[in-house]
Amino acid sequence: MEGVLQDVRYGARTLLKSPVFAATAILTIALGIGATVTIFTLVNAVLLRPLPVEDPDRLVAMEEVRRTGPGGLSVSGSEFVLPRYLEYREASGQVLSGLAAQGMNDVALRAGDNPDAVLASYVSGNYFEVLGVRSALGRAITADEDRPGAPAAVAVLGDHLWRTRFGADPGVVGRTVHLNGYPTTVVGVAPRGFGGTFVGVQTDVWLPVGLYERLNPAADPAAPRAELGLMLFGRLKPGVTPERAEAALSVAARRSEPAAAGDPTTRAEAVRLERLAGLPADTRGMVTGFMAMLLATAGLVLLIAGTNVAGMLLARATVRRREVAIRLAVGAGRGRLVRQLLTESLLLFVLGGTGGLLLALVLGRAVSAFQPPLPVRVALDLGPDARVLGFALLLALGTGVAFGLAPALRASNPDLVSALREGSGGRGAGRTRMRSAFVVAQLAMSLLLLVTAGLFVQALRGALAADLGFEPDGVVAAGLDLRAHGYDGPRAAAFQRRLAERLAGLPGTVSVGMAQFAPLSGNVLTVEVDPPGGSSDGGLSRDEHYANVDEGYFSTLRIPLVAGRGFAATDRAGSPPVVVVNERMARRMWPGENPVGKRLRVRGLDREVVGVARDGTYEQMGEEPLAFLYLPMGQEPVGRATVLVRSRGEPAAALAALRRAVAELDPNVPLREAMPLPASIGLSLFPQRLAAVLVGAFGVLGLVLAAVGVYGLLAFHVGQRRHEIGVRLALGAHTGDVLRMVLRQGMALVALGIAAGLIVALVVTRLLESLLFGVSPTDPLTFAAVPLALCAVALLASWLPARRAARTDPMTALRTE
């Protein structure tokens, strides 16, 4: 131990004698480790950190293996209806200490003048007990309160909602608030840091599952109510394994009635249990792949930084060759020297890792404060924990050994005779070749990063510039859910009609339209359509994508009608059923004919085609062209709709006017996801934007580090050959010859780095194909532009030392020898 401490003290003194070298190396390492730790912190928060509950390893999520119909396919299902949950709760007593249920939906919260749409979790009475979560204020929901028809309506507020909406007032417990217009008593506040069982998604209020029917009254008493989908999870009893619990619950699954699964044609065959994680199983693979891509790109930055520092250590070893030779000559062992030099490298990387950790903390706070334009509030805890700190330490030590060992081995094996001669270059040629290899590797990795970033930018630009088939600029969108407030079809239609009239009369309003869902929101419905000559039971039916829209929809979004007309105010209940189709459907249904006036059977009802709309994009960016049809809201009223307002003013003013108009009609109805339509459309591109920004930043950082590597190598090389250059100039060489000599050496390295990088990029970028909308992973423009940009930067980095070499004074260079 004393020897190790001695090496550390000696290494620290050595680094203090070269402050410029030490600061440059530490800063380079800090950038590389900081980038990697920042992304790992995100990975840790999303994928690795356990839920903030008691003993999370004993919690299991439940899904069924279901067979659809006689001889049908087996499918997995993780959504349950309430009767099914009650069956499993009764059957799980031998293996689970509790089985809880939760379903998510938004509700309108009114605690003052204006209602807000907040995210609610409808939970069973044992939800907090099974999780082992205690309320910060008041109490949790009880088992008696989650029964349908319970005498009191109660709620537990989330910590964030309590602080932002109620000013962290402890007196909120016992206060009455209105949820979807229904008076509800606040009985508790959840602890800080607990936002539910889904990572990143912050629940605002927890409600008993039995309260769902009262807060979501049936708009039409004759129509079946939409069931609340429940996710089930439980806590294993001590000594019970997941396999034993699966077997016991599978017996209960096979005994159940088919209808208990929510579909009379579906029967449960078995139950599967997996550890309760913050990500649903159906999204975990996609998120894991995306995070792995970000971590790999950050790792490339660290590799570039590491190779840069390794090259600096090799150059420093050349400068210290006389010191090393003297120590070997007086009896020091090579192993002792390697240990000393490796300790200096580790000291550099540990100091750089500390700086990188501090950088990651700053970036983590910035990311935590950022709220992406998503429908729900995102809350990620990006603070460091033992896993992040351990990762940063292992990263610093591992890279310190990986990038410090080769320079240490090279430096500890000098040619003693030449190294002891003052001014001899010794075995510098070998070190220069190794440094050249490091620079080539830096350039190759930088090119890979830049190509990846270029592909994401190209995909993003292509998506933003794509012809959507409508004009979103100047339009604001906001959702209205009238069903939750007891509006049936006719009342909802009357409300929407009065709202459109109010908005149309406001100054600055150009037009107003409505649709069941906003375009490109990811919500597209399908309906059974019979082609001409087909019947509902003739085997020719197929599901087609459609949207319910009103008469102002086409003009508000400026969707061109290539034939016929759009919907009119006269297309109401009782009038002849009509439909508008897009060009693709018209070509498929009536090739070479005018479709206007033709008839189409939609949902068992014959409809006349009154218009043909231009093809567009409907569900998400990059989708395959769809056959599409529009149904009039006047003939099929919907309780949930999106209001679209085209205005000549600022979007904020248009949204404020929309809020006032809704409040005047019903103060209990809030706007949901109110934002400019371009921002709403941009939500579908958020992963691509994030990837483009992060990978682009990593690419630029890698390019800068690679340029520094090229400059450092050539500057060192020029310094080592100063005498030779002086002799050349003294013998009549022109400055242009010296300039070209140094540039040629630098550009040769660049050519090797680009060639290696292109080969790797052609292989790696194919793995990103699913994230590149409309762009080939071997996009020629990107693969041509990035090497040219890399050449330009490397040429500048090479020109600076080349110019210095060309300005060498022959007499001064010869005298120094």
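The values are calculated or read from the model by the stated rules, or taken from the named source; none is laboratory data. No experiment lies behind these values; they were computed from the predicted model shown. Note that we place each Cβ from the backbone using ideal geometry, even for glycine, and neighbour counts take in every protein chain shown. Protein only, heavy atoms only, side chains kept; ligands, DNA and RNA dropped before computing areas. Shrake-Rupley method; radii C 1.70, N 1.55, O 1.52, S 1.80 Å.
Tabulated values for the structure
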| quantity | calculated |
| --- | --- |
| Solvent-accessible surface (1.4 angstrom probe) belonging to Ile681, in square angstrom, nearest 10 | 10 Å² |
| Low-density loop cleavage sites - GluC sites (Glu not before Pro) in region 1-66, where at most 15 other Cβ are within 10 Å (DSSP) | Glu54 |
| Label-to-label distance, nm, for residues given as Lys237 and Ala281 (7 Å Cα→Cβ offset) | 2.4 nm |
| Cβ-based net charge around Leu749, under 14 Å, with every Lys or Arg adding one and every Asp or Glu removing one | +3 |
| Share of carbon and sulfur in the accessible heavy-atom surface of region 440-489 [1.4 Å probe, %] | 55 percent |
| Only Lys, Arg (+1) and Asp, Glu (-1) charged, at Cβ; region 627-672 dipole about Cα centre in debye | 140 debye |
| Environment charge at Gly462 (Cβ cut-off 15 Å; Lys +1, Arg +1, Asp -1, Glu -1) | -2 |
| Projected-area mean, region 87-130, by convex hull of Cα positions, square nanometres | 3.9 nm² |
| Chain lengthening between Lys598 and Thr142 when straightened (0.36 nm per residue, less Cα-Cα) | 158.2 nm |
| Residues whose placed amide H lies under 5 Å from that of Leu137, excluding near-sequence neighbours | Val189 |
| Label point at Asn114 placed 7 Å out along Cα→Cβ; residues across region 644-659 whose backbone nitrogen lies under 18 Å | 650-659 |
| Spin-label model distance (nm) - Arg192 vs Gln620, 7 Å beyond Cα toward Cβ | 3.7 nm |
| Extension gain (nm, one decimal) between Leu389 and Leu27, 0.36 nm per residue minus Cα-Cα | 128.4 nm |
| Difference of contour (0.36 nm per residue) and Cα-Cα distance, Arg255 to Val693 | 152.4 nm |
